[in-house]
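Notes to accompany the following structure.
The values are calculated or read from the model by the stated rules, or taken from the named source; none is laboratory data. Just so we're clear, the structure is a prediction, and the values are computed from it rather than from any experiment. All Cβ positions, glycine included, derive from the backbone under ideal geometry; neighbour counts span all protein chains shown. Just the protein is used for accessible areas: all its heavy atoms, side chains included, with ligands, DNA and RNA removed. Shrake-Rupley method; radii C 1.70, N 1.55, O 1.52, S 1.80 Å.
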Amino acid sequence: MITVKSDIDFTDNIVLEKVETAFQTLISHQGAGNEFLGWMDIDKIASQSLIKDLQQTADSLIKISDYVVVAGIGGSYLGARAVIEALRPRFLSKKPQIIYAGHHLSEDFLSELLSFLSTVDYSIIVISKSGTTTETAVAFRLLAQHCEKKYGQDASKKRIVCITDKEKGALKKFADIKEYKSFVIPDNVGGRYSVLTPVGLLPIAVAGINIKALISGAKEMSNSLSDSTVNNAAVSYAHARNTLLNQGFNIEVMASFEPKLFFLIEWWKQLFGESEGKKNKGIFPAGVVYTTDLHSMGQYMQEGQRIVFETFLSINKEKSMCKLPHDNDNFDQLNYLAGKRISEINKQAKMGTILAHKDGGIPAIEILIDALDEQNLGALIYFFEFACAISGYTLGVNPFDQPGVEAYKKNMFALLKKEGFEKEHELLQKRIHKTK
Ligand code: PA5
């Protein structure tokens, strides 16, 4: 169950009407980018037989690996990491540990990683829909060569799994030639909406997380959001944030008092940033983890420019219990908290923060989930995807494309003298010399 609360003054009916229209546009598949609505059909993208295959593949990787390297970037990386970091016990020494690569171009990181992999048993999951994303392809070339050198070509077949497009792209060709196990990213699901496909599900299963329960939570949420705009959590959230945008609050800060949600917030940032930020529109998505960031961003939130609203992502019930003990000396003067659960102290910190920021002129929305488990996280993922699609349509943009991401790639290819970019290379060189 997801609850959305806010104390925003909804005097303006126009925003609600726009959100309701956006809802109809989405569920009737009539909007821009409607060829990318595959994520809405949970039964299809995560069928029983696919889940079985994913689980079997995950089990065989678990058996032979101390480490599994997951290589991918953006939508091919953040969803899996969000779920794994949220649900896997933090100080677990259980095999395999997950290492993430392919989401940057750090030479030091890659060379340190390769040296480390020489000393341990590992497998690789490479994820790229296009198969040509530079960051992922660079890491994968290094990793695949390392793996084949270490284990030999035949044994590498058991250790490398590719998740990619069903026919297009270099990675698919490579996987077929090398006879690596591969899974398909459906054509009708874009990167940032793909966490509930093999893109997210295989790494999540390798991390020992119950993917069936994750999918079941998403399915339940999809049933509860698709019928009507009444008592619809995604509609409430889209309504609240678009109302605030209309009032001049251009920045949404997703705030959680649970550090395990750091990467869930990173995933949310990509989902909303890439879906809404176009045509010079969109709410800028930012994220903080409190109380840590109250000691860094707290001052700005309290007294900086009043263009920010906060969305608190809260969990009702903690999994574990830890109480502050009494101390006879009481040097730290904490005995007034003795016997209290840490979660109780954290909840009061949250209440205190919401009230203080409200006094400082920061409006608040709160999204509550019952517990941090597979069922609730699956529901939360679907909820955000649905709310994001409605919000994008409310703004009048296509929430499923990302034309702006190409600009840096074009420049990078030109600067690196990729074939076909010779003219752009000359032009960029002239610009660079002019600014020197
Ligand atoms: O959401 C998106 O579409 C992007 O973030 C992509 O997932 C990202 O660029 C990686 O692309 P690919 O999977 O083709 O390597």
### Task
Just one of (1) small (Gly, Ala, Ser); (2) within 26 Å of residue 211 (Cβ to Cβ); (3) under 21 Å from the mean Cα position of the chain (by Cα) trips up residue 33, so point out which.
(2)
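Listed residues 273, 298; which is within 15 Å of the ligand (Cβ to nearest atom) and assigned by TED's automatic domain parsing to the domain that holds residue 369?
The unique qualifying residue is 273.
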### Message
Name the single residue that is surrounded by the most Cβ atoms within 10 Å (Cβ to Cβ) among those in region 200-252 being among the β-branched types (Val, Ile, Thr) and under 21 Å from residue 373 (Cβ atoms).
### Response
204
### Query
Which of the following residues is among the small types (Gly, Ala, Ser) and open to solvent by 40 Å² or more (accessible area, probe 1.4 Å): 360, 339, 392?
339
### Message
Would you confirm whether or not region 403-417 contains a residue that is away from the ligand (no atom under 16 Å from the Cβ), of a type in the set (D, E, K, R), open to solvent by 50 Å² or more (accessible area, probe 1.4 Å) and in contact (Cβ under 8 Å) with a residue 12 or more places away in the chain?
### Response
no
### Query
Of the numbered conditions (1) within 23 Å of residue 416 (Cβ to Cβ); (2) more than 9 Å from the ligand (Cβ to nearest atom); (3) open to solvent by 50 Å² or more (accessible area, probe 1.4 Å), residue 139 satisfies every one except a single condition; which is it?
(3)
### Query
Are any of the residues in region 89-97 within 30 Å of residue 370 (Cα to Cα), polar (S, T, N, Q), modelled with pLDDT of 95 or more and within 18 Å of the chain's Cα centre (by Cα)?
no
### Exclusive hit being modelled with pLDDT under 95 and more than 16 Å from residue 283 (Cα to Cα), set 327, 373, 332, 401
401
### Task
Out of 175, 255, report the one residue that is open to solvent by less than 10 Å² (accessible area, probe 1.4 Å) and at pLDDT below 95.
175
### Task
Check whether at least one residue in region 148-161 is buried (at least 21 other Cβ atoms within 10 Å of the Cβ) and within 16 Å of the ligand (Cβ to nearest atom), and report yes or no.
yes
### Subset of region 112-136 [of a type outside the set (Ser, Thr, Tyr) and either outside any loop (DSSP other than H, G, I, E, B) or near the ligand (Cβ under 8 Å from one of its atoms) (or both)]
112, 113, 114, 116, 117, 124, 125, 126, 127, 129, 131, 135
### Message
Could you check region 175-212 and list, in sequence order, the residues that are within 12 Å of the ligand (Cβ to nearest atom), in a helix (DSSP H, G or I) and of a type in the set (Gly, Ala, Ser)?
### Response
191, 200
### Scan of region 316-341 for residues that are part of a loop (DSSP other than H, G, I, E, B), under 30 Å from residue 3 (Cα atoms) and among the charged types (D, E, K, R), ordered by number
318, 319, 340
### Index of the failed condition, residue 168 passing every other in (1) more than 17 Å from residue 376 (Cα to Cα); (2) of a type in the set (Lys, Arg); (3) modelled with pLDDT of 95 or more
(3)
### Message
Tell me yes or no: at least one residue of region 275-290 is open to solvent by 10 Å² or more (accessible area, probe 1.4 Å) and in a helix (DSSP H, G or I).
### Response
no
### Summary
Checking 216, 228, 236 in turn, the sole residue that is without any contact (Cβ under 8 Å) to a residue 40 or more places away in the chain and either of a type in the set (S, T, N, Q) or more than 15 Å from residue 387 (Cβ to Cβ) (or both) turns out to be 228
### Query
Within the bounds of region 373-384, is there any residue that is assigned by TED's automatic domain parsing to the domain that holds residue 289, over 28 Å from the mean Cα position of the chain (by Cα), among the acidic types (Asp, Glu) and assigned to a helix (DSSP H, G or I)?
no
